[in-house]
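Asks: Take a look at this one; I'll ask things after.
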Amino acid sequence: MNIGDVVYLNSGSRPMTIVQIDGDTITCSWDGGSQQYPAAALTTDDPSPALDQARADTVASLSAQSAAKLATPDQPIKAVVS
């Protein structure tokens, strides 16, 4: 990573620009301010699409589990996932 690169937190974040590198500590800036992060916490790949899909998969799974718990033999419930 280099000064000027756009990075993201591995856990997902808004895009940030590297403004300073001091060993393994990287200072990032965005429109709301700046903060220091360990280099291992940052990536140049935007993790948001993968995180969004993981969240959608979790919601779908929980919805199906909830529907199964609520279903009775005389009133089955079908979970609709789009």
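Asks: List the pairs whose first member sits in the range 24-41 and is without any contact (Cβ under 8 Å) to a residue 24 or more places away in the chain and closer than 15 Å to Asn10 by Cα, whose second member is in a loop (DSSP other than H, G, I, E, B) and not aliphatic (A, V, I, L, M), and whose Cβ atoms are under 7 Å apart, counting only residues at least 6 apart or on separate chains?
Replies: Pro38/Asp24
Asks: Follow-up. Looking for whichever is outside any loop (DSSP other than H, G, I, E, B) and at pLDDT below 90 here; the options are Thr58, Thr27. Which one fits?
Replies: After ruling out the rest, the residue left standing is Thr58.
Asks: Still on this structure: Is the range 3-12 home to any residue that is small (Gly, Ala, Ser), modelled with pLDDT under 90 and touching a Ser or Thr at 6+ places or on another chain (Cβ under 8 Å)?
Replies: So far as the range 3-12 goes, yes, one or more of its residues are small (Gly, Ala, Ser), modelled with pLDDT under 90 and touching a Ser or Thr at 6+ places or on another chain (Cβ under 8 Å).
The values are calculated or read from the model by the stated rules, or taken from the named source; none is laboratory data. What you see is a predicted model, and the numbers here were worked out from it, not measured in a lab. Neighbour counts run over all protein chains shown; Cβ positions are idealised from the backbone, glycine included.
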